[in-house]
1. Under a crude label model (7 Å from the Cα following the beta-carbon direction), how far is residue 141 from residue 39 in nanometres?
2. Given the C-alpha centroids of region 157-180 and region 196-241, what is the distance between them in whole angstrom?
3. Working only with C-alpha atoms, what are the Rg and Dmax values of the chain, expressed in angstrom?
4. Between residue 67 and residue 234, what's the calculated FRET efficiency when r is the beta-carbon distance and R0 is 22 Å? Round to 0.05.
5. I'd like the distance separating the alpha-carbon centroids of region 85-108 and region 5-56, in whole Å.
6. Taking the Cα of residue 251, stepping 7 Å toward and past its beta carbon, and measuring to each backbone N in region 196-235: which are under 16 Å?
7. So for the chain, taking the charge dipole from beta-carbon charges (+1 Lys/Arg, -1 Asp/Glu), which of 261, 124, 47 sits furthest toward the positive end?
8. To the nearest 0.05, how large is the calculated FRET efficiency for residue 182 and residue 81 if R₀ is 45 Å and r is the Cβ-Cβ distance?
Amino acid sequence: MESLSAAERKEFEAFAVAIADNARALSLPRFRRPVDVTLKGDMSPVTAVDRGVESMLRDRIEHAWPSHGLLGEEYGATRTDAEFVWSIDPIDGTRSFISGWPLWGTLLALLRNGQPVLGLLDMPALDERWIGHVGVGTTMNGARCVASTCERLDAATLYTTTPDMFTPDEWQRFDRTSRAAYTRRFGGDCYGYGMLASGHIDAVIEANLMPYDYLAIAPVVQAAGGVITDWEGRALGLDSGGRVVAAATPALHAALIESLAKD
């Protein structure tokens, strides 16, 4: 697993925090205000806020780290073969944002040689921010947080954002798995992963995600003691598929992977 030195962690975290603050300053004043919404080619909504936040973040990164690569939801990929690549999701949960629901966030990740090593999950409307450094730890608003100790599926609280993200085959596998849990809940977008890192819930299973949806999440979950992979148990990176399973403990993760496996 790639890692950062202590000096690199300090420098990159300070930069990520600064630009996340800038992103909040752009997005939060527009929340629960009239905003024009258009549909992208995949019929997902996008607003000028999404585009404005990503443009600002890309400009800041390009100015500070001109050799670094960029991957963003709205403006695509640049230099993703570089040693360091930043992943940006300016408004994760645009449907929540445009409907006044506070569970939308800004996601930033730093990858080194294709592996996420630093993740920032910011929830502007809630004033909550998780920062995860792989191999070091995760904080929420500056305080260390850790995942729960849940090891059994029948004791787990399991979340996913929406049933609409699954194909019929994926839904059958998710439905079977989630019904075996203690409880299952829907909604949350990126917020569920923050709740997992803080020990409030135990698992998240999702599909049809893009790299910018999960690259920032992975360090947050891992550094809090959790496990996050694709449905086959493989580590997440730039080229992972869209199916993600996150769990508070290795034992729970193994139970989820086993249950999600095709018959």
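Every read-out reported here was derived from the displayed coordinates using simple, explicitly stated rules and does not represent laboratory data. This is a predicted model, so every value here is computed, not measured. Heads up, the Cβs are rebuilt from the backbone with ideal geometry, glycines too, and the neighbour counts pull from every protein chain shown.
1. 3.9 nm
2. Region 157-180 and region 196-241 have Cα centres spaced 16 Å from each other.
3. Expressed in Å, the Cα Rg and Dmax of the chain come to 17.3, 51.
4. Values: r = 29 Å, r/R0 = 1.30.
Efficiency at R0 = 22 Å is approximately 0.15.
5. The distance from the Cα centre of region 85-108 to that of region 5-56 comes to 7 Å.
6. Backbone N within reach: 202-203, 226-227.
7. So the residue furthest toward the plus end is 124.
8. Result of the calculation: an efficiency of 0.55.
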